[in-house]
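Only the coordinates and a few stated rules stand behind these numbers; no lab work does. Values in this document were obtained by computation on a predicted structure and should not be read as measured data. Heads up, the Cβs are rebuilt from the backbone with ideal geometry, glycines too, and the neighbour counts pull from every protein chain shown.
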Amino acid sequence: MTWNHLAIDLGAGHEAELTYGPGGLVYEAARLDVQETLDRLTGENVAFRGANRAWRRGPEDDFVMSHGRYVWCLYEEKPGEPTGDTAQRLAGKLITRLRQRAE
């Protein structure tokens, strides 16, 4: 079982920007990658502190959102499926749910 991480910037408008890790990670490495990103962002802008703290509390659902716009999560990769395809599919589902909640 391998893991990866996904970041989504919902931005303004209907286009979302996706960033995902290299894939093939153990769970702990995927969590650490997200933690390092949140640490860096918090150092640049203290407004990310809440998301950083939530992520540090542990794997409640491996999902955190900040500013109603930025999302970080982990996902388990599907054997034989390119990690980018899995990330795109997961992102599509998350974006749909988040936009439905916002309506």
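The set of residues from the stretch 83-98 being surrounded by fewer than 18 Cβ atoms within 10 Å (Cβ to Cβ) and in contact (Cβ under 8 Å) with a residue 40 or more places away in the chain comprises Gly84, Gln88, Ile95, Leu98.
Here Arg49 passes the criteria (1) closer than 20 Å to Glu28 by Cβ; (2) touching a Ser or Thr at 6+ places or on another chain (Cβ under 8 Å) except the one numbered (1). With the condition kept exactly as written, say whether any residue in the stretch 43-59 is β-branched (Val, Ile, Thr) and farther than 15 Å from Leu18 by Cα. Yes, because at least one residue in the stretch 43-59 is β-branched (Val, Ile, Thr) and farther than 15 Å from Leu18 by Cα.
In a loop (DSSP other than H, G, I, E, B), in contact with a strand residue (DSSP E or B) (Cβ under 8 Å, 6 or more places away or on another chain), of a type outside the set (D, E, K, R) and surrounded by 15 or more Cβ atoms within 10 Å (Cβ to Cβ): is that true of Gly11 in this structure? Lay out the reasoning, then the answer.
Details: in a loop (DSSP other than H, G, I, E, B): yes; in contact with a strand residue (DSSP E or B) (Cβ under 8 Å, 6 or more places away or on another chain): yes; of a type outside the set (D, E, K, R): yes; surrounded by 15 or more Cβ atoms within 10 Å (Cβ to Cβ): no.
So Gly11 does not fit the description; no.
Can you spot a residue in the stretch 67-85 that is among the basic types (Lys, Arg), under 13 Å from the mean Cα position of the chain (by Cα) and not in a helix (DSSP H, G or I)? Among the residues of the stretch 67-85, at least one is among the basic types (Lys, Arg), under 13 Å from the mean Cα position of the chain (by Cα) and not in a helix (DSSP H, G or I), which makes the answer yes.
Tell me the residue from Lys93, Lys78 that is out of contact with any strand residue (DSSP E or B) (no Cβ under 6 Å at 6 or more places or on another chain) and under 14 Å from Ile8 (Cα atoms), please. Reasoning before the result, please.
Numbers: Lys78 fails: under 14 Å from Ile8 (Cα atoms).
Testing whether each residue is out of contact with any strand residue (DSSP E or B) (no Cβ under 6 Å at 6 or more places or on another chain) and under 14 Å from Ile8 (Cα atoms) leaves just Lys93.
Figure legend. Inter-residue proximity from the stretch 41-53: first residues closer than 14 Å to Gly68 by Cα, second residues surrounded by fewer than 17 Cβ atoms within 10 Å (Cβ to Cβ), beta-carbon distance below 7 Å, spacing 6+ or different chains. Indicated pairs: Ala47/His67.
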